[in-house]
Every structure is written in structure tokens, then in C-alpha cells.
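To start, the structure itself, in C-alpha cells.
A short reminder: the numbers here are calculations on the coordinates, not readings from a lab. Everything quoted here is computed from the prediction, not taken from an experiment. Here Cβ is always computed from backbone atoms with ideal geometry, including for glycine, and neighbour counts include all displayed protein chains.
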Amino acid sequence: MRIILIRHLPTPGNEKYQYIGTTDENLSRGAVERFRQENRIYPQAEYIIASPMKRCLETAQLIYPNREIRVEPGLRECAFGEFEGKTYEELKNHPAYVMWLESGGMTAFPGGESQEKFRTRCVESIKKWIRLLLKGHA
């Protein structure tokens, strides 16, 4: 079994360098236009499994049109808590942000999720799908 992870195309918030986690944004028009002009070739996929976020579903539909997309809630983006929607410039003097940076990004976001929890959730979701696929129950 070969697993390919593909990150979603940019959203308007991504293009503004905002922390966009739980905000359920669509893809930016510019990102979709660039995608259509680039004619990238993606590997064939027997199954497409995506986060429930709009940006992820839209990206999957662009790459694999007319294909069934299975949704996995555990693959949703990290919850940035109080940092959600903010930029570095807006946060650079915020004490909790400075602490987060000094931790190497490993402490939990205030009101949000820790990187450990986020990563564990994603890994467990992928392992769940591997088990399902290996058993032929996908």
C-alpha cells in the first residue's frame, strides 16, 4: 500500500499569512486559477480520504474530479485557539505567542490544541484508515 499526503491549496487567510485552523475557508480564487493553469500531474489513487474542511474537500475535488471523497474528521487542521485568524505581526508581542515560539511551537495554543494532540489525532486517523483498507472495509 502506498499512501500519499497532499496539502490543500491556499485559502484567502493562508495568502494573508494568518493562522487558519478551525476557520472553514474555501480555497482562494487565485489558488484555483493557478492550479488549473499549472497542469500538475498527481499520482493515481484508489481511495481519496480528506479532512472535512472545505479547503481540503475542494482541493481533493480539483485533483481527483468525479471521484468519491471519503471524509475523516480526525484529519482536520490544528485548533489555533486565540491565535486563529491572526498573523505573526499581530501576535509577535503577545506573551503567550512568544512562549509558544520559544517552545519550538510545541506548547498548546491558548484555547486551542497542542502539537502533540494534533499529531496524535492525525496519526491515529491515518492508522484507522490503513486498517480499514487492509481489511477491505473502506
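Okay, here's what the table says:
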| item | result |
| --- | --- |
| Sites matching GluC sites (Glu not before Pro) across the range 62-138 that sit in DSSP coil, with at most 15 neighbouring C-beta atoms within 10 Å | GLU68 |
| Amide hydrogen neighbours beyond the local backbone of VAL71, cut-off 5 Å, H modeled | ALA50 |
| Residue-wise HN-Hα coupling along the range 112-126, computed from phi with Karplus coefficients 6.51, -1.76, 1.60 (Hz; x: Gly, Pro) | x, 10, 7, 4, 4, 5, 4, 5, 4, 4, 5, 4, 4, 5, 5 |
| For the range 71-79, Karplus couplings with θ = phi - 60° (6.51, -1.76, 1.60), whole Hz, Gly/Pro x | 9, 10, x, x, 8, 5, 5, 4, 7 |
| Listed candidates (1) 48, 37, 20; (2) 38, 37, 34; (3) 56, 36, 27 - label of the one calculated as Cα extents along the principal axes in Å | (1) |
| Phi-based couplings in Hz for the range 39-47 (Karplus 6.51, -1.76, 1.60; Gly and Pro marked x) | 6, 5, 9, 9, x, 4, 9, 6, 10 |
| Computed [θ] at 222 nm, deg cm²/dmol, the chain (DSSP H ≥ 4; -39,500 (n - 2.57); rounded to nearest 500) | -12000 deg cm²/dmol |
| Sparse-neighbour loop sites [chymotrypsin sites (Phe, Trp or Tyr not before Pro); the range 14-80; at most 12 other C-beta within 10 Å; DSSP] | TYR17 |
| Long-range amide H partners of GLY112 with built H, under 5 Å | GLU82 |
| Rel. contact order, % - alpha carbon contacts under 8 angstrom, at least six apart, the chain | 23 percent |
| Selection of chymotrypsin sites (Phe, Trp or Tyr not before Pro), the range 84-138, meeting DSSP coil and at most 12 other Cβ within 10 Å | none |
